[in-house]
1. Take the residues in segment A:141-179 that are surrounded by fewer than 18 Cβ atoms within 10 Å (Cβ to Cβ), out of contact with any strand residue (DSSP E or B) (no Cβ under 7 Å at 6 or more places or on another chain) and in a loop (DSSP other than H, G, I, E, B), then tell me which one is modelled with the lowest pLDDT.
2. Please state which one of A:4, A:88, A:15 is farther than 30 Å from residue B:182 by Cα, surrounded by fewer than 19 Cβ atoms within 10 Å (Cβ to Cβ), modelled with pLDDT under 90 and within 14 Å of chain B (Cβ to nearest Cβ).
3. Which residues, counting only those in segment B:200-212, are without any contact (Cβ under 8 Å) to a residue 40 or more places away in the chain and in contact with a helix residue (DSSP H, G or I) (Cβ under 9 Å, 6 or more places away or on another chain)?
4. Within segment A:119-138, can you find the residues that are under 20 Å from residue A:85 (Cβ atoms) and outside any loop (DSSP other than H, G, I, E, B)?
5. For segment B:66-169, please list each of the helices (runs of 4 or more DSSP H) lying entirely inside it that holds at least 2 residues being within 12 Å of another protein chain (Cβ to nearest Cβ) and surrounded by fewer than 21 Cβ atoms within 10 Å (Cβ to Cβ).
6. For segment A:213-230, give me each residue that is assigned to a helix (DSSP H, G or I) and at the interface with another protein chain (Cβ under 8 Å from one of its Cβ atoms).
7. Could you check how many residues of segment B:186-220 are out of contact with any strand residue (DSSP E or B) (no Cβ under 9 Å at 6 or more places or on another chain) and either buried (at least 20 other Cβ atoms within 10 Å of the Cβ) or assigned to a loop (DSSP other than H, G, I, E, B) (or both)?
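The values are calculated or read from the model by the stated rules, or taken from the named source; none is laboratory data. Since the model is a prediction, treat every value here as computed from it, not as a measurement. Quick reminder, even Gly has a Cβ in these numbers, built from the backbone with ideal geometry, and neighbours come from all protein chains shown.
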């Protein structure tokens, strides 16, 4: 029997990369709408996982900020055994400024040192009666840049300072710098450890949540294959859906975190008593927010990809 | 259209589903595959649409030996075949329109053309008024017709139907069979797996009887 004319194939609507991408994105959003409950559950689970991670990051960022502000105390004082001429001061401070890690340099003359000393003896100024400024040495006070305040960098800096013949003695609170350095290392190690565990937990939770989402639609995957869809055609909307879930989950987490942060600031008086507020709390910087959103999208994509491999066997 | 050469299929070492099946089905033919449950009808259909690969033998569909077909080329073959599954395989979260449209979406049709074509095929199977319903709101017979509409919507060269009239009342059976006959008249080769002897007898079409994985009778050969 002769075959009648088959259904006339119309012009394809999704030719080219843009056309295909448009279809896949549209399909992903339709899929989300059609499976709204599963998607909402998935997004909320991802949000909870990322809320823990972003809360940890917020605490870590602020803790690092507070501890970094403590490092402002790191100061090096170089003493001279005589008063330097203004020409010598200009020359020496110029050379010191040229040393890597120098933030600022200030010359303290004997007169200035005496005035400061006098100021500290409030009420007991009579103790200095008959004493001349010559008993105090002139000095140079140096503050270092933040990245040069660890004990190793400070020690190297001091060694270079000692090479100037005008300088007789250098003081910089060696013990304090070392203890501070150890403390910062401990904070960083603990942060990396806890952060690492949280990141692993987030990966595990997100990957399994997306796996369950895909598992609940394995019939759809199977059918698509049976009606002749290519792997790419089946996978692409699911991968985009995974990315949307990841980004939506992170966005929800950041929204909740912002709300919690604002509430915390609103009640700042309660916490100011324990000194948290003095250093000035900050929210997560833009780079961290972008990294979290990117991480959500990447995890959603990878989670979908890994799960799809198990279900699509064309 | 279909050539089977000494096809054998075993799921496990000692569980043979098909053994030495050889048959030829020409273009435009309407053939019933029949036999008791477990005779191998569904397995044979699965081999025809590439869901399974035979343990031995060759399966040639429309000139393509699918036993040697790389997985990347299987989708192209499946687009020429409309399959009516025994369990319908309708997606519960999608409407009737969306369920039928899948076949055309895969082919890359545009939305407007899909809507027109789906409406047309649903009208043919008498379900145009259910276009926006979800499968769960349909009766068994209606679900079966949606599954058929999905298989027929792109006028495939080959239609494979696995027990399309199982569990349906007489009226629905007639309707489903009429739709398949119509598709056959339009030029599609149709292979229907069924154990409904009365349907076969009334149709006066070719039938192949399977028993324990062997062809025991082929009306065309007699």
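1. Here the residue is A:173.
2. The match here is A:15.
3. Restricting attention to segment B:200-212, the residues satisfying the condition of being without any contact (Cβ under 8 Å) to a residue 40 or more places away in the chain are B:201-202, B:204.
Selection gives B:202 alone.
4. Correct list: A:133, A:134.
5. Per the criteria, B:74-78, B:96-107, B:111-124.
6. Of everything in segment A:213-230, those that are assigned to a helix (DSSP H, G or I) and at the interface with another protein chain (Cβ under 8 Å from one of its Cβ atoms) turn out to be A:219, A:220, A:222, A:223, A:224, A:225, A:226.
7. 3
Let's see how each residue does on (1) in a helix (DSSP H, G or I); (2) farther than 28 Å from residue A:186 by Cα; (3) within 24 Å of the chain's Cα centre (by Cα):
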site: A:39; (1), (2), (3): yes, yes, no
site: A:51; (1), (2), (3): yes, no, yes
site: A:58; (1), (2), (3): yes, no, yes
site: A:64; (1), (2), (3): yes, no, yes
site: A:71; (1), (2), (3): yes, no, yes
site: A:89; (1), (2), (3): yes, yes, no
site: A:99; (1), (2), (3): no, yes, no
